[in-house]
Amino acid sequence: MKRKIYNQLLDWKSNDANRTALLIDGARRIGKSYIVNEFAKKEYKSHILIDFNRVSADIKDLFERHLMDLDTFFSYLSAFFNVQLYPHESLIVFDEVQLFPKARAALKYLIADGRFHFIETGSLMSINANTSEIVIPSEERHIKMYPFDFEEFLWAIGNETLMPVIRENFSAMRPMGQMLHRKAMDFFRQYLIIGGMPQALQEYVNSRDFERVDAIKRDILTLYRADIVKHAKGYARKVEAIFDEIPAQLQKHEKRFNLASLSKNARLRDYEDSLFWLSDAMIVNICWNSCAPSIGLKQNMDKSTLKCYMADTGLLISHTFDEKGIANEEIYRKLLSGTLEFNEGMIIENVVAQMLSAVGHKLYFYSNSGKDNNAERMEIDFLISKANITNRHNISPIEVKSGKNYTFTSLKKFRNKFPAQLHQPYLIHAQDVMQKEGFACIPLYMTPLL
């Protein structure tokens, strides 16, 4: 399955591999090991993959005893794996590097030696936890790996022609037309409910069986729960409580995460580490309230108010419909056709958060209760900064609508209150491209192009 991250690997190999090791952060079962193995086979004369989840004590001993004699180190490594290493033409992969931090620390010497290239894979929640006994190497380059995006989903199901047309029409702010829009939305709804986890998508490509896809997604959710118990030491119950509460919190109108639902007197300081753990594990995407929509959204962040989205919307659906342990075929069919009697807004807003995160946006929203002034009462789902910053007009407010009937009330209030900060306001909906009351209305499948 083709992934966009492959181009980032090629860029690293061409420009930075002689002076940095590449560390790929990502959630479990996101496809890190697979893509690195494909890259190694195609782009190098030879490679060695050291899986620290299964590696023998003899391999670990090399890092303990022979790191100061790299001729011996590489000679033994080559013999252990029966792989010939070629200077400047071989790659060594440290898979699940968080399980053996000394290998990560060794990169300082391995990169300085200059003979071979190095890639690490792992989950950031464990990588960050296992640093107490090592010096973190400055020779690391971090990149994040996300679930399949919509374009990658189209590639996986054999369609490479639709997204270029979508991109062209977005650039021109031109409607797709009834036939192409309907086709794009049909594919998008498939993406929405299948999600972007590689195993689930592969099963869908092979069988088109929603129940088998759902079973795989539930296996992944079970794995995440096991990781919480194993790795979130000291606050596993708090992490699990947040994880279990996500669907209920997203079904609320404002979708803000209310810590009081976990414990009567809960405060952010009591759950902050647990939230960050889930974020580092890339299981969730956290969206913070920015009190002032200006450049430096982070500087105006209100850390007491947040939304917590699932990083993969397909997993959110399986997490939500768990009464019998599996979402039956009928639920998926109704989700696909949009006929399920359910608050679909939570799923739509979650997938928009997922798509914005995948293209590099930090997630922020704007909320003003307007207790004393109705003109200031508004809730803006997302705020993003434009690519090229200028003195004024840098922030785009985004409203997400799941239904056909909606108003522009909050966007209008935002436009009136913050004219100097306003760039292009967007409304994301299930309909075709249109300009309405001065707002750019775009279909859901165009979100990654913002």
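The values are calculated or read from the model by the stated rules, or taken from the named source; none is laboratory data. None of these values were measured; they are calculated from a predicted model. No Cβ is skipped: glycine too gets one built from the backbone with ideal geometry, and neighbour counts run over all protein chains shown.
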Item to check | Long-range neighbours under 8 Å by Cβ, at least six apart or interchain, first residue under 25 Å from Glu203 (Cα atoms) and not assigned by TED's automatic domain parsing to the domain that holds Ile30 within region 219-247, second assigned to a helix (DSSP H, G or I) and of a type in the set (Ser, Thr, Tyr) | outcome: Leu221/Ser318; Pro247/Thr320
Checklist entry - Just one of the numbered conditions (1) crowded, with 19+ Cβ neighbours inside 10 Å; (2) within 21 Å of Glu254 (Cβ to Cβ); (3) among the aromatic types (Phe, Trp, Tyr) is not true of Phe408; which one? => result (1)
Next on the checklist: Conditions first: (1) modelled with pLDDT of 95 or more; (2) under 30 Å from Ile220 (Cα atoms). Ser132 passes all but one, so which condition is the exception?
Outcome noted: (1)
Item to check | Residues that are touching a Gly at 6+ places or on another chain (Cβ under 8 Å) and either among the aliphatic types (A, V, I, L, M) or in a loop (DSSP other than H, G, I, E, B) (or both), drawn from region 373-400 | outcome: Arg377, Met378, Val400
Next on the checklist: Given the condition at pLDDT below 80 and either polar (S, T, N, Q) or assigned to a strand (DSSP E or B) (or both), answer yes or no: does some residue in region 345-365 qualify?
Outcome noted: no
Checklist entry - Any idea which residue in region 25-47 is nearest to Arg104 (Cα to Cα), counting only those that are modelled with pLDDT of 95 or more and not in a helix (DSSP H, G or I)? => result His47
Next on the checklist: Kindly evaluate Asp69 against the criterion of being of a type outside the set (Lys, Arg), free of Cβ contacts under 8 Å to residues at least 60 places away in the same chain and over 19 Å from Glu120 (Cβ atoms).
Outcome noted: yes
Checklist entry - Within the set of pairs 6 or more residues apart or between chains, which connect a residue that is more than 16 Å from Gly31 (Cβ to Cβ) inside region 201-216 to a residue that is of a type in the set (S, T, N, Q) and not in a helix (DSSP H, G or I) with Cβ atoms less than 7 Å apart? => result Glu211/Asn328
Checklist entry - Is it the case that some residue within region 253-261 is of a type outside the set (A, V, I, L, M, F, W, C), at positive phi and in contact with a helix residue (DSSP H, G or I) (Cβ under 9 Å, 6 or more places away or on another chain)? => result yes
Checklist outcome for this item: The lone condition Gly370 fails out of (1) at pLDDT below 90; (2) part of a helix (DSSP H, G or I); (3) touching a strand residue (DSSP E or B) at 6+ places or on another chain (Cβ under 8 Å) is (2)
Checklist entry - Going by the conditions given, is Leu22 in contact (Cβ under 8 Å) with a residue 60 or more places away in the chain and not basic (Lys, Arg)? => result yes
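Every residue, every condition in (1) farther than 21 Å from Gly114 by Cβ; (2) of a type outside the set (A, V, I, L, M); (3) in contact with a helix residue (DSSP H, G or I) (Cβ under 8 Å, 6 or more places away or on another chain), yes or no:
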| position | (1), (2), (3) |
| --- | --- |
| Ser46 | no, yes, no |
| Phe52 | yes, yes, yes |
| Ile59 | yes, no, yes |
| His66 | no, yes, yes |
| Asp71 | no, yes, no |
| Ser75 | no, yes, no |
| Ala79 | yes, no, no |
| Asn82 | yes, yes, no |
| His88 | no, yes, no |
Checklist entry - Only one residue in Phe257, Phe243 is assigned to a loop (DSSP other than H, G, I, E, B) and not aliphatic (A, V, I, L, M), so which one is that? => result Phe257
Next on the checklist: Criterion first (closer than 30 Å to Phe276 by Cβ, assigned to a helix (DSSP H, G or I) and not aliphatic (A, V, I, L, M)) does Phe188 satisfy it?
Outcome noted: no
Checklist entry - Just one of Ala226, Ala236, Ala232 is within 25 Å of Gly31 (Cβ to Cβ) and in contact with a helix residue (DSSP H, G or I) (Cβ under 6 Å, 6 or more places away or on another chain); which is it? => result Ala232
